[in-house]
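Colleague: Here's a structure for you.
The values are calculated or read from the model by the stated rules, or taken from the named source; none is laboratory data. Everything numeric in this text was worked out from a predicted model, so none of it was measured. When we count neighbours, we look across all protein chains shown, and the Cβ atoms used for this are built from the backbone with ideal geometry, even at glycine.
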Amino acid sequence: MTRIFAAIIVILAMGSPAWAQAQRENLQIFRDVSNQVLQYSRFTIFDSVDATVHEGVVTLSGKVTMPFKSTDIERRVAGVEGVTAVRNNVTVLPVSQFDDELRFRIARAIYGNSNFWGYGAMRNPPVHIIVENGHVTLEGVVNSHMDRVLARSMATTFGTFSVTNNLKTDAEVTADLERL
């Protein structure tokens, strides 16, 4: 997740000189917003929140496991200097014991695998596991294509209805930035 935020920061930094000052302001707001989300103590690998900034207006999107998380994150973001408004499009995942079991089983499989120990040791592990009605979405950034394929493979072994693999490699994020 941290790498995604860093990639978006670089994308925002690129622009024409005519609006470079506004971009710098948006970039700083974005950095502060991403810090607020990542430093939120209840933000877990089972939540995924994205943010965009345009002229001080922050639009939040993604999914969280509990309603208070959406409200807390919105409140934290609204307090960032330079934020003029917050559009909170974060949705709350439905309560489901089946989904909870899937989340924990997949997380144990992924972060228990030796390929992912380094990720699991990070303050904000980069692989996020979003489960909604038995459908799994993997979000974040990994080091290699092999890690992406391995994570998807592990996520499919627990009776999931579907797995969407939105994981990107560091190389893909870098290539995306170079195209801009």
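Colleague: From (1) assigned to a helix (DSSP H, G or I); (2) more than 17 Å from Asp50 (Cβ to Cβ); (3) modelled with pLDDT of 95 or more, pick out the condition that doesn't hold for Ile73.
Modeller: (2)
Colleague: Of the residues that make up region 2-9, is at least one at pLDDT below 95, more than 13 Å from the chain's Cα centre (by Cα), assigned to a helix (DSSP H, G or I) and farther than 20 Å from Thr164 by Cβ?
Modeller: For region 2-9, residues at pLDDT below 95, more than 13 Å from the chain's Cα centre (by Cα), assigned to a helix (DSSP H, G or I) and farther than 20 Å from Thr164 by Cβ: present.
Colleague: Here is a further query. Would you check which residues across region 60-82 are within 18 Å of Arg103 (Cα to Cα) and of a type outside the set (Ser, Thr, Tyr) and list them?
Modeller: Gly62, Lys63, Val64, Met66, Pro67, Lys69
Colleague: Moving to a separate point now. Does region 31-40 include one or more residues that are within 20 Å of Asn124 (Cα to Cα), crowded, with 20+ Cβ neighbours inside 10 Å, over 11 Å from the mean Cα position of the chain (by Cα) and of a type outside the set (Phe, Trp, Tyr)?
Modeller: There is at least one residue in region 31-40 that is within 20 Å of Asn124 (Cα to Cα), crowded, with 20+ Cβ neighbours inside 10 Å, over 11 Å from the mean Cα position of the chain (by Cα) and of a type outside the set (Phe, Trp, Tyr).
Colleague: Still on this model: Give me the pairs, please: first residue somewhere in region 43-59 and under 9 Å from Val86 (Cα atoms), second residue anywhere and among the acidic types (Asp, Glu) and in a strand (DSSP E or B), beta-carbon distance under 9 Å, and either six or more positions apart or on two chains.
Modeller: These pairs meet every condition: Thr59/Asp50.
Colleague: Within region 111-119, is there a residue that is surrounded by 14 or more Cβ atoms within 10 Å (Cβ to Cβ), part of a helix (DSSP H, G or I) and in contact with a Gly (Cβ under 8 Å, 6 or more places away or on another chain)?
Modeller: Within region 111-119, one or more residues are surrounded by 14 or more Cβ atoms within 10 Å (Cβ to Cβ), part of a helix (DSSP H, G or I) and in contact with a Gly (Cβ under 8 Å, 6 or more places away or on another chain).
Colleague: Let me ask you something else. Specify the residue that is surrounded by the most Cβ atoms within 10 Å (Cβ to Cβ); the eligible residues are those in region 154-180 that are under 20 Å from the mean Cα position of the chain (by Cα), modelled with pLDDT of 90 or more and outside any strand (DSSP E or B).
Modeller: Out of the qualifying residues, it is Ala155.
Colleague: Restricted to region 130-153, and to residues that are more than 18 Å from Thr174 (Cβ to Cβ) and in contact with an Asp or Glu (Cβ under 8 Å, 6 or more places away or on another chain), which residue is surrounded by the fewest Cβ atoms within 10 Å (Cβ to Cβ)?
Modeller: Ranking the qualifying residues of region 130-153, first place goes to Asn133.
Colleague: Just to be sure, is Val33 assigned to a helix (DSSP H, G or I), among the aliphatic types (A, V, I, L, M), closer than 27 Å to Gly134 by Cα and in contact (Cβ under 8 Å) with a residue 24 or more places away in the chain?
Modeller: no
Colleague: Next question, about the same structure. Residue by residue through region 41-56, note down the ones that are outside any strand (DSSP E or B) and over 13 Å from the mean Cα position of the chain (by Cα).
Modeller: Ser41, Arg42, Glu55, Gly56 - these are the residues of region 41-56 that are outside any strand (DSSP E or B) and over 13 Å from the mean Cα position of the chain (by Cα).
Colleague: Then there is this: Of all residues in region 64-94, which are in contact with a strand residue (DSSP E or B) (Cβ under 8 Å, 6 or more places away or on another chain), under 19 Å from Phe46 (Cβ atoms) and loosely packed, with under 14 Cβ neighbours inside 10 Å?
Modeller: Pro67, Asn89, Thr91, Pro94
Colleague: Can you tell me which residue is farthest from the chain's Cα centre (by Cα) among those in region 138-147 that are free of Cβ contacts under 8 Å to residues at least 60 places away in the same chain and closer than 19 Å to Asp50 by Cβ?
Modeller: Among them, the one singled out is Val142.
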